[in-house]
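Only one structure is covered here, and it is reproduced in the block below.
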Amino acid sequence: MYSSKITGLGYYVPENVVTNNDLKQWMDTSDEWIQERTGIKERRWIDPKTGDTTAVMGAKAAKIAIERAGLTKDDIDFIIFATLSPDMYFPGGGVQVQDLLGMPTIGALDIRNQCSGFIYSLSVADQFIKTGMYKNILVIGSENHSGGLERSTRGRGVTVIFGDGAGAAVLSRSEETGKGILSTHLHSEGVHAKELALIGPSTQRWVPEIMEANDPDDTSYYPYMNGQFVFKHAVVRFSEAINEGLEANGLKKEDIDMLIPHQANLRIAQFIQKKFQLPDDKVYNNIMKYGNTTAASVIIALTEAWELGKINEGDLVVLAAFGSGFTWGSVVIRW
Ligand SMILES: CC(C)(COP(=O)(O)OP(=O)(O)OC[C@H]1O[C@@H](n2cnc3c(N)ncnc32)[C@H](O)[C@@H]1OP(=O)(O)O)[C@@H](O)C(=O)NCCC(=O)NCCS
């Protein structure tokens, strides 16, 4: 069996910065409230004039990752694309990236696991590489949240949290043992599906039905989040997923060199840091700058941490995420 390792990383965020104070033009909120509850100072929201979309941002991040892997688009055997905010209801963003990058007719798989999307994608890629089916897989997480958020006081509990952006990794075959992805761990609990969800448009609530009802109180086409319920589950599941990854590899929390938690809320990340007694330089957070970018959050943070020289050869890197579904999981990497 082969092992798989990350050979290239890249990210792209829109230039347009939206500060907490900027949000006041649409809703009754304050910089103090947002920073105190979430740690977020600003986020990037696509300026539609730029032409950026979920797929376009994904392709931009992918280009950087492929180049840094020392490869060309023609070396990639397979695409895995994670998002909850695709450009189209169908097809998914994977085929769009294949087209945007002018890649050969390789397979493209779309992953719908929201905030855990990148963890699930890495796990799938890891299996394909370990079995020898593919050599180089492009894994992308990208989100255009700003296009679908309710910019009003009614929507403020959700809207202030989310930002746009994309990240990408190239996962490649390796024959080195004990390096690269050591293990991945995936979980779900669908009984809580509606606690963090966007119900319509869907086949259960399709566009004509929504239009015909013409109900100003209908918020089903905006994301709904039971914030405190999500928070309580997140802290438990994050911890479980990290512990599971450590135990599977006979490791202890002291062995972690870098923890990259999904950037859901700085308070959640700080709770996890405290629980695992990790010093500040062993946890990387960037939610302050980008908000929660869902499927893109872990890969953007991983790329930034790596660019800043915070991840080095031989380091034990743990990625963990929790989100809508509920879904959660972890990836343990020996860099
Ligand atoms: C969303 C979250 C920050 C909200 O914080 P909270 O302390 O639970 O706040 P609540 O929703 O209970 O709201 C408290 C009050 O603030 C108000 N409020 C909500 N959003 C606000 C905003 N953006 N600005 C100002 N006030 C706001 C509410 O209306 C409420 O007012 P009320 O008490 O008069 O009714 C928090 O629950 C959270 O981070 N949850 C986890 C979210 C998460 O991780 N999501 C992604 C999962 S991947």
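Annotations
- A residue that is touching a Leu at 6+ places or on another chain (Cβ under 9 Å), more than 16 Å from the ligand (Cβ to nearest atom) and on the phi > 0 side of the Ramachandran plot can be found somewhere in the stretch 180-194.
- Being outside the structural domain of SER188 (by TED's automatic domain parsing) and in a loop (DSSP other than H, G, I, E, B) is a property that GLY102 has.
- Subset of the stretch 156-179 [away from the ligand (no atom under 16 Å from the Cβ), farther than 20 Å from ASN113 by Cβ and among the small types (Gly, Ala, Ser)]: SER172, SER174, GLY178
- Pairs with Cβ under 6 Å, 6+ apart, first in the stretch 165-185 and within 30 Å of HIS145 (Cα to Cα), second of a type in the set (Phe, Trp, Tyr): GLY165/TYR290; ALA166/TYR12; GLY167/TYR11
- A count restricted to the stretch 241-269 and to residues that are closer than 28 Å to HIS145 by Cα, assigned to a helix (DSSP H, G or I) and either away from the ligand (no atom under 12 Å from the Cβ) or outside the structural domain of ASN312 (by TED's automatic domain parsing) (or both) stands at 2.
For every residue, the table says whether it meets (1) in contact with a Pro (Cβ under 7 Å, 6 or more places away or on another chain); (2) closer than 20 Å to MET88 by Cα; (3) at pLDDT 95 or above.
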{"residue": "LYS5", "(1), (2), (3)": "no, no, yes"}
{"residue": "ASN16", "(1), (2), (3)": "no, no, yes"}
{"residue": "THR54", "(1), (2), (3)": "yes, yes, yes"}
{"residue": "GLY58", "(1), (2), (3)": "no, yes, yes"}
{"residue": "ALA65", "(1), (2), (3)": "no, no, yes"}
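- Qualifying residues in the stretch 40-58 (those that are assigned to a helix (DSSP H, G or I) and aliphatic (A, V, I, L, M)) - the one nearest to PRO14 (Cα to Cα): MET57
- Only residues that are small (Gly, Ala, Ser) and within 14 Å of CYS115 (Cα to Cα) were counted across the stretch 207-240, and they come to 1.
- Within the stretch 34-51, being within 13 Å of the ligand (Cβ to nearest atom) and in contact (Cβ under 8 Å) with a residue 12 or more places away in the chain holds for ILE34, GLN35, ARG37, THR38, GLY39, ILE40, ARG43.
The values are calculated or read from the model by the stated rules, or taken from the named source; none is laboratory data. This is a predicted model, so every value here is computed, not measured. Ideal geometry is used to build each Cβ from the backbone, glycine not excepted, and the neighbour counts take in all protein chains shown.
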